[in-house]
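The values are calculated or read from the model by the stated rules, or taken from the named source; none is laboratory data. As the structure is a prediction and not an experimental result, all values here were calculated from the model. Glycine also receives a Cβ, built like all others from the backbone with ideal geometry; neighbour counts cover every protein chain displayed. SASA here: full protein model, heavy atoms, side chains in, ligands and nucleic acids out. Shrake-Rupley method; radii C 1.70, N 1.55, O 1.52, S 1.80 Å.
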Amino acid sequence: MSLIPGTAVGIRTANCVVLASEKRVSYGGFVISKHAKKVYPITSRSGVAFAGLMGDIGYLTRILKLEAKYYELQHGREIRTRGLAKVLSIVLYSYKLFPMFTEVIVGGYDEEGPSLFILDPVGSIIEERYAALGSGAQIALGYIEPRYREDLSVEEAEKMAVEAIKTVIERDVLSGDGVDLITFTKEGYTTKEYIFKTA
């Protein structure tokens, strides 16, 4: 089981990339917030999903948005998803002596088509068709793996991501309270939010 609190999921199909994360922030056995956002668009074509500490998540998101805008000003076009993952890898590696307490999924749909990458706290990059990170990763992967197909529709991929995190929430106390979801297609991206009632 990962020491990184929270759960993030990414699914790449032939038509889309879906990134999702739950909304709970916990510390020392207490729930600090039920409304945290851990999924962000960085450009109109790519975004990130996190598991980990909110301070690190906020810092890395700001750095990525700045780097993406700098690239766009320099080159006259948005950075591709693969390039964004490489930039994040360099940032994370620069903190290798005191690593960020976070794991990241980078995904998007650009000129190269749909792509999905996972990064550990020191910047290692792995390209995947689907991924789950954080304290609920094993449970989420157990849900996704037998159901995954390359030809899933956008709606099916979104439902799979939400159901995977719902399954985690039932069993992982560090994950909970809802799901933020962002879907990238060739038309751009859409965001959705799901709030789960707790007893």
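Here are the numbers:
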quantity: Qualifying GluC sites (Glu not before Pro) in the stretch 147-197, DSSP loop, other Cβ atoms within 10 Å at most 12; calculated: Glu150, Glu170, Glu187
quantity: Residue-averaged [θ]222 nm for the chain, counting only DSSP H segments that reach four residues, each worth -39500 (n - 2.57); calculated: -10000 deg cm²/dmol
quantity: Estimated dipole of the stretch 75-185 in Debye, rounded to 20 [Cβ of Lys and Arg +1, of Asp and Glu -1, Cα centre]; calculated: 380 debye
quantity: Mean separation of Cα contacts under 8 Å, 6 or more apart, over the residue count of the chain: relative contact order %; calculated: 32 percent
quantity: Lys/Arg +1, Asp/Glu -1 at C-beta; the stretch 1-116 dipole; positive extreme among Pro99, Val39, Tyr27; calculated: Tyr27
quantity: Neighbourhood net charge (11 Å Cβ-Cβ; Lys/Arg +1, Asp/Glu -1) for Ser175; calculated: +1
quantity: Pairs beyond 32 Å (Cα-Cα), from Lys96/Lys186; Lys65/Lys96; Lys69/Lys166; Lys23/Lys86; Lys96/Lys192; calculated: Lys96/Lys186; Lys69/Lys166; Lys96/Lys192
quantity: Residue-by-residue Karplus 3J(HN,Hα) for the stretch 116-123, coefficients 6.51, -1.76, 1.60, Hz, glycine and proline x; calculated: 9, 10, 10, 10, 8, x, 10, x
quantity: Distance in nm between pseudo-label sites at Tyr59 and Gln138 (7 Å out along the Cβ direction from Cα); calculated: 3.0 nm
quantity: Solvent-accessible surface ranking, highest first, for Thr190, Thr183, Thr167 at 1.4 angstrom; calculated: Thr190, Thr167, Thr183
quantity: The stretch 78-121, dipole about Cα centre (Lys/Arg Cβ +1, Asp/Glu Cβ -1), debye to the nearest 20; calculated: 200 debye
quantity: Estimated dipole of the chain in Debye, rounded to 20 [Cβ of Lys and Arg +1, of Asp and Glu -1, Cα centre]; calculated: 440 debye
quantity: Inter-label distance for Lys34 and Ala14, nm, one decimal - labels placed 7 Å from Cα along Cα-to-Cβ; calculated: 4.2 nm
quantity: Residue-level accessible surface for Arg62, protein heavy atoms, 1.4 Å, Å²; calculated: 150 Å²
